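For reference, the structure is listed below as structure tokens.
The values are calculated or read from the model by the stated rules, or taken from the named source; none is laboratory data. Everything numeric in this text was worked out from a predicted model, so none of it was measured. Glycine also receives a Cβ, built like all others from the backbone with ideal geometry; neighbour counts cover every protein chain displayed.
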Amino acid sequence: MSLLELRELNKHFGGLHVTNAVNLTLEPGEIHCLIGPNGAGKSTLFRLILGEHHPGSGDILFAGENITALKSFARIHRGLSVKFQVPGVFKGLSVRQNLEIALQSRHRGAELEAEIGRLLTFLGLESEQAQTAGNLSHGQKQWLEIGMAISLKPRLLLLDEPTAGMSPEETHMTGEMVQRLNADGMTVLAIEHDMAFVRQVAQRVTVLHLGQVFAQGSIDEIVADERVAAIYLGQAHA
Amino acid sequence: MTGFLSLFRRLEGPQTVGRGPGFWGLFAVVLAVALAYPLFSDGYTVGNTVYFFVWVFIALSLCIIWGYGGSLSFGQTAFFGIAGYGYGVLTLNFGSAYGFTLVALVIAVGIAALFAVLLGYFMFFGRIAGVFLGIVTLAVTLMLERFMAQTAGPEWHIGSARLNGFNGMSAMPPLTIPWPGEPIVLFADVGLYYFVLGLLVVVYLALRILMNSSFGNVIVAIRENPERAEMLGYDIRKYQLITFVIGAALAGISGVLYTAWGQYITPSSMGMTAAALPLIWVAVGGRSDLTSTVVGTLVVLAAFQALTIYGSQYALVFMGVLLVLTVLIAPNGLVLGVMHWLGRLAARFTQRAG
């Protein structure tokens, strides 16, 4: 059974057809990258999956269950988790408290402390734990939010531009982080513009264009596809 | 003993300023002074001090809803008024025998909380947030004020309690504690002082525990980033509603104590000026911290009263100026700013000593 299945998903904003009959299937254990020019409807698709937007028509199935009508928090309880495009950390709170809030519904007392410690080590943020999250560098904020997202032990992790604003080294580290999580069994769907990252982690790539699935395949197939190159250069309506 | 220690530890945390032996030592000294104070003062002055304490509860209500929760409620006075009128109606009808005034306190606060459940349900489950929340809550309190102001006619009564329109309701009995022999009537002097002081300490400590718990964590998370909080699996509407209801109950306590203190309540207690003042106390003190709110409210109230005595018409203007200055100089609150400064000073001192 596939982990996530989008069936004929449609979303209009007024006359604008941002998601147009999208069909997408994610298999358990894969790292899937979603690419496409600005305005292709990638973030809207994430918001539909998360329940922040509701589709005009179509269905969202998660592990075989139709979750189209569920509220966001209920989808999180089913095993979804997300890192937003703009880092969504709790800026006024300490790094440690950010993680505590993410972890406290599953762990208590000494176990909670141990989990926080483990996550701080995984993220490489031990020495920043007392810092206010708003004072972290952009890359560190991204990692902190990834940490909060994975602390829920999701079955499917959604990453919206996890490496935006990162240096090449940081991008590579983030890629390794994602691969480690995947090795532990986490399925990942990532929106990403950074092709080095996509090449590093993606097992399958979907190109979204004008709200529709434009192409799908391995990274080599996508790179070789002339039509894909054309839409990125803005000439396309193939 | 370990139970006591663990309870004590839960009083401290990242959500409240002030921890360790230094803070609690100071707390004990302040409490001791407060307990001894009536011995060195006269009944009238003590009664006046109670009046200050009465307002701290509504300030704390705004502190948790706005300061911790990030939802600006402009209408805490609505719950103040509902509970105040509730206490009046109940006690004017059923009297004060057998400790009924204390039952009336609980029922009146309960009515205010119930009203908050209704109002809060529509606001939070309807996803009203930000400035609109302030507008809706302000509209509610002004509407209640208008409504009560037109109840002057004799047809407006509940049982034997006349609502009396703009003049308000009066002559309800003060809080009375049943006691073998003779019941203790808490007139607005020493008796009521100890009652309100005790309630204030209990509420303050209970709120410290609540705000440093996992519940408090979620409340501040919603203030910082509601979307992120929901995407960690929290049904933020429920948390907002619960906080709003707790806040309404606190405002209700203020309303009942105010009514019992002065033995009257008028519609203007829910009016525009009444609604705006708690915002100023809380903003000036430091809305995101319980201790700063308590200290700030008492200081501003005392200053306000002194100003009213010496230059009545300028007191409200001064309040406005104070708010503007706070926003410019210390947007997080003057008392909170001073407390952070003291904390840094203490840290530097201990560093040098060590």
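The rows are residues; the columns are (1) of a type outside the set (D, E, K, R); (2) surrounded by fewer than 18 Cβ atoms within 10 Å (Cβ to Cβ).
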{"position": "A:MET166", "(1), (2)": "yes, no"}
{"position": "A:GLU176", "(1), (2)": "no, yes"}
{"position": "A:GLN179", "(1), (2)": "yes, yes"}
{"position": "A:GLY185", "(1), (2)": "yes, yes"}
{"position": "A:HIS193", "(1), (2)": "yes, yes"}
{"position": "A:PHE197", "(1), (2)": "yes, no"}
{"position": "A:ALA224", "(1), (2)": "yes, yes"}
Among (1) β-branched (Val, Ile, Thr); (2) surrounded by fewer than 23 Cβ atoms within 10 Å (Cβ to Cβ); (3) within 16 Å of B:GLN15 (Cβ to Cβ), B:VAL245 falls short only on (3)
If you go through A:ALA63, A:ALA74, the only one that is more than 30 Å from A:ALA230 (Cβ to Cβ) and more than 13 Å from chain B (Cβ to nearest Cβ) is A:ALA63
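To keep it simple, each residue is scored yes or no on (1) more than 29 Å from A:GLN97 (Cβ to Cβ); (2) in contact with a strand residue (DSSP E or B) (Cβ under 8 Å, 6 or more places away or on another chain); (3) at pLDDT 90 or above.
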position	(1), (2), (3)
A:ILE150	no, yes, yes
A:LEU156	no, yes, yes
A:LEU189	no, yes, yes
A:VAL205	yes, yes, yes
A:VAL223	yes, no, no
I'm told A:GLU52 meets every condition in (1) free of Cβ contacts under 8 Å to residues at least 40 places away in the same chain; (2) more than 9 Å from every other protein chain (Cβ to nearest Cβ) except one. Can you identify the failing condition by its number?
(2)
Looking at this structure, is B:PHE115 farther than 25 Å from B:GLN15 by Cβ, modelled with pLDDT under 95 and either assigned by TED's automatic domain parsing to the domain that holds B:VAL202 or not aromatic (Phe, Trp, Tyr) (or both)?
no
Among the residues listed as B:VAL56, B:VAL50, the single one being in a helix (DSSP H, G or I), touching a residue at least 24 places away in the same chain (Cβ under 8 Å) and under 30 Å from A:PHE90 (Cβ atoms):
B:VAL56
Enumeration of residues in the stretch B:49-63 that are surrounded by fewer than 24 Cβ atoms within 10 Å (Cβ to Cβ) and either in the same structural domain as B:THR297 (by TED's automatic domain parsing) or within 14 Å of B:LEU250 (Cα to Cα) (or both):
B:PHE53, B:TRP55
Among B:LEU301, B:LEU334, which is the only one that is in contact (Cβ under 8 Å) with a residue 24 or more places away in the chain, of a type in the set (A, V, I, L, M, F, W, C), in contact with a Phe, Trp or Tyr (Cβ under 9 Å, 6 or more places away or on another chain) and not assigned by TED's automatic domain parsing to the domain that holds B:VAL54?
B:LEU301
Exactly one of B:LEU197, B:LEU205 is in contact (Cβ under 8 Å) with a residue 24 or more places away in the chain, assigned to a helix (DSSP H, G or I), in contact with a Phe, Trp or Tyr (Cβ under 7 Å, 6 or more places away or on another chain) and more than 14 Å from chain A (Cβ to nearest Cβ), and that residue is B:LEU197
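Would you list the helices (runs of 4 or more DSSP H) that sit entirely within the stretch A:176-238 and hold 1 or more residues that are under 14 Å from the mean Cα position of the chain (by Cα)?
It comes to A:195-201.
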For B:ALA188, all conditions in the list (1) surrounded by fewer than 20 Cβ atoms within 10 Å (Cβ to Cβ); (2) at pLDDT below 95; (3) small (Gly, Ala, Ser) hold save one; what is the number of the exception?
(1)
From B:MET272, B:MET231, B:MET211, grab the single residue that is of a type outside the set (Ser, Thr, Tyr) and touching a strand residue (DSSP E or B) at 6+ places or on another chain (Cβ under 6 Å).
B:MET231
Report every pair of residues separated by at least 6 positions or lying on different chains whose Cβ atoms are under 6 Å apart, first residue within the stretch B:12-28 and touching a residue at least 60 places away in the same chain (Cβ under 8 Å), second surrounded by fewer than 18 Cβ atoms within 10 Å (Cβ to Cβ).
B:GLU12/B:ARG19
Do any helices (runs of 4 or more DSSP H) entirely within the stretch B:260-354 hold 1 or more residues that are over 22 Å from the mean Cα position of the chain (by Cα), and if so, which?
B:290-310, B:315-329, B:334-353
In the stretch A:112-153, the residues that are in contact with a Gly (Cβ under 7 Å, 6 or more places away or on another chain), within 9 Å of chain B (Cβ to nearest Cβ) and among the polar types (S, T, N, Q):
none
Select from the stretch A:77-111 the residues that are surrounded by fewer than 18 Cβ atoms within 10 Å (Cβ to Cβ), more than 9 Å from chain B (Cβ to nearest Cβ) and either of a type in the set (Asp, Glu) or in contact (Cβ under 8 Å) with a residue 12 or more places away in the chain (or both) and list them in ascending order.
A:ARG78, A:GLY79, A:GLN85, A:ARG106, A:GLU111
Return a yes/no flag: does the stretch B:130-145 have any residue that is closer than 23 Å to B:VAL46 by Cα and surrounded by 18 or more Cβ atoms within 10 Å (Cβ to Cβ).
no
